[in-house]
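Heads up, the thing below is written out as C-alpha cells.
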C-alpha cells in the first residue's frame, strides 16, 4: 500500500481539487485518479517530512478556535482602521519564547498567526527557539505570549506529539 | 442590463448581506493601507480581505449559483482555500524582507536579530 | 423585490471593491518604500479577483470564477518572487 500510494491524503486532496474544477463524470474521475497518482509520485521525489496527526478532536477544536479568532479580529481591525480620529496606535514587536521545535508545527503556527488580522509572524530564531511577532494593537506584551502559547502552541503540540 | 436571475427572497437576502459584508471588509482593509502610518502596521490590513472578505463573498456566490443552478456548486471553495494558504506566506515573506532591509540600513526602530532582544 | 435587492447589493459590492482597488493602487504608486508598493500590488490582485467573482454573480456566468482563480495564482507567485527579490536582490538563488 505504502509502496503503491505513498501519500494517500495528498492524492485524495489532488483528486478532490481536480473534480471540483472539472465536474464529476466517469471520464474526469478516471483522469483525476491517474493525475493524482502521478502527482503523489512526483511528491515522493521531493521527499517531504512525514506528517502524523493525532487526536482528531483537537484538530477540529483548533480549526474552530482559529476561525472564531479570525472572525473576531476582522472586526477589531476594521474598527481600528475606520475610527474617525486615528488614535495613536501602540503597534510593536514582541519576542516570544516557544517550546515547539517541530518544523511542521512551527509552519502551521506561523500561518495561523499571520492569517489572523492584527498579528504577523515575522521571524523565528532556531538557535534560541524564539519567534518575533508584530502586533497592530499592542497593549500588554506578556499577555500576547500567554495567548500564543495557550491558544495555539499547546493544541498544535498535542496534535503533532 | 444585469442578468441576475430571480431568486426567492430567503436566498437573495443572505447573498446580498454576505456580498456587502465581504466587500465592506475588503474595503476596510484597503483603506487601512492608506490610513495606517508605517509599513509594519500596514502589513496587517490586507488580511481582512483575504480571510473573511473572500470567504463571505464566496459563500454568497456558492448560495447564489447553488440556488439558480439547483445543484450544489462548491468549486468556489478552492479560491478560499488557496487564498487562505497563500496570503500568510506572502505577508510573512514581505515582513521578513522589510525587516531585513531595515536592519541593513541600520534603523533603530526595528528589533535586532536573535538572542539580544529576548525578554 | 428580491431581484432589486440582489441587483443593488451587487452594485454596491462592486463599487466598494472598485474603491478598494483604488486604495491599493494609490499605495502602489505612492510607495514610499519598495515593500509598500509590493504590499499594495498584492492587495490589488486580491481585490481584482474578488471583483471578478462579483461580476460572475452579476452575469450568472461561471467563467469569471476561473479568471479569478488564475489572478489569485499569478498574484501569489508574483508577490512571492518580488518579496524574494527585495530580500536578496535576485529571484532565483
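Values quoted throughout were computed directly from the atomic coordinates according to the rules given, and no laboratory measurement underlies them. Here the structure is a predicted model, which is why all the values come from computation and not from measurement. Positions of Cβ are backbone-derived with ideal geometry, glycine not excepted, and every protein chain shown enters the neighbour counts.
Restricting things to alpha carbons, find the Rg to Rh ratio for the range B:1-113 using the Kirkwood radius for Rh.
On the way: Rg = 19.0 Å, Rh = 16.4 Å.
My calculation puts Rg/Rh at 1.16.
Over the Cα atoms of the range A:56-160, what is the Rg over Rh ratio if Rh follows Kirkwood? Provide the component values of the computation, followed by the final result.
Details: Rg = 14.3 Å, Rh = 14.5 Å.
Rounded to two decimals, Rg/Rh equals 0.99.
In deg cm²/dmol, rounded to 500, what helix-only [θ] at 222 nm does chain A give when every DSSP H run of at least 4 residues adds -39500 (n - 2.57) and the total is split over its residues?
On the way: 6 runs with 90 residues, N = 161.
Helices in chain A give a 222 nm mean residue ellipticity of -18500 deg cm²/dmol.
Percentage of Cα-Cα pair distances in the range A:47-86 greater than 16 Å, rounded to whole percent?
Working: 463 of 780 pairs.
Percent of Cα pairs beyond 16 Å in the range A:47-86: 59.
Kindly express, to the nearest 10 degrees and within the range 0 to 90, the angle between helix B:54-68's C-alpha long axis and the longest C-alpha principal axis of chain B.
10
Taking only Cα atoms of the range C:16-93, what ratio of Rg to Rh do you get with Rh as the Kirkwood inverse-distance radius? Show your work: numbers first, answer last.
Numbers: Rg = 14.2 Å, Rh = 13.3 Å.
Answer for the range C:16-93: 1.07.
Per residue of B:56-68, what is the mean number of Cβ atoms on other protein chains within 10 angstrom of that residue's Cβ?
Counting other chains' Cβ atoms within 10 Å and averaging over B:56-68 gives 3.
Percent relative contact order of chain A, based on C-alpha pairs within less than 8 angstrom and at least six residues apart? Before the final figure, lay out the partial values.
Numbers: 147 pairs, mean separation 40.3, N = 161.
It comes to 25 percent, rounded to a whole number.
May I ask for the distance between the Cα centers of the range A:109-161 and the range C:13-33, given as a whole number of Å?
Using only Cα atoms, the two centres lie 30 Å from each other.
Could you give the nm distance between label points at residue B:10 and residue C:62, where each point is 7 Å from its Cα heading toward the beta carbon?
So the two model labels end up 2.5 nm from each other.
Would you list C:45, A:7 from fewest to most Cβ contacts within 10 Å?
Working: C:45 22, A:7 19.
Fewest-to-most ranking of C:45, A:7: A:7, C:45.
As an exercise, use a Förster radius of 30 Å and the Cβ-Cβ distance of residue B:74 and residue A:76 to find the FRET efficiency, rounded to the nearest 0.05.
Numbers: r = 30 Å, r/R0 = 1.01.
Using R0 = 30 Å, I get an efficiency of 0.50.
List A:25, A:73 from most exposed to least, where exposure is judged by having the fewest other Cβ atoms within 10 Å. Spell out each step's value before the answer.
Values: A:25 10, A:73 21.
Ranked by crowding around the Cβ, least crowded first: A:25, A:73.
Can you pull the mean other chain C-beta count within 10 Å for peptide B:99-109? Before the final figure, lay out each step's value.
On the way: counts 7, 5, 5, 2, 0, 0, 0, 0, 0, 0, 2.
Partner Cβ neighbours, averaged per residue: 2.
Would you kindly calculate the translational diffusion coefficient of the protein assembly as shown, applying Stokes-Einstein with the Kirkwood radius from alpha carbon pairs, for 4 °C and a viscosity of 1.567 mPa s, and quote it in µm² s⁻¹ without decimals?
59
With a 10 Å Cβ neighbour count serving as the proxy for reagent exposure, in which order, fewest first, do B:30, B:61, B:55 appear? Intermediate values should be presented prior to the final figure.
On the way: B:30 32, B:61 27, B:55 24.
Placing the least packed residue first, the sequence is B:55, B:61, B:30.
Measure out, as a whole number of angstrom, how far apart the alpha-carbon centroids of the range B:19-73 and the range B:89-112 sit.
Rounded to whole Å, the Cα centres lie 27 Å apart.
Given a Förster radius of 51 Å and the C-beta distance between residue A:20 and residue A:83 as r, what FRET efficiency does 1/(1 + (r/R0)^6) yield to the nearest 0.05?
Numbers: r = 40 Å, r/R0 = 0.79.
With a Förster radius of 51 Å, E is 0.80.
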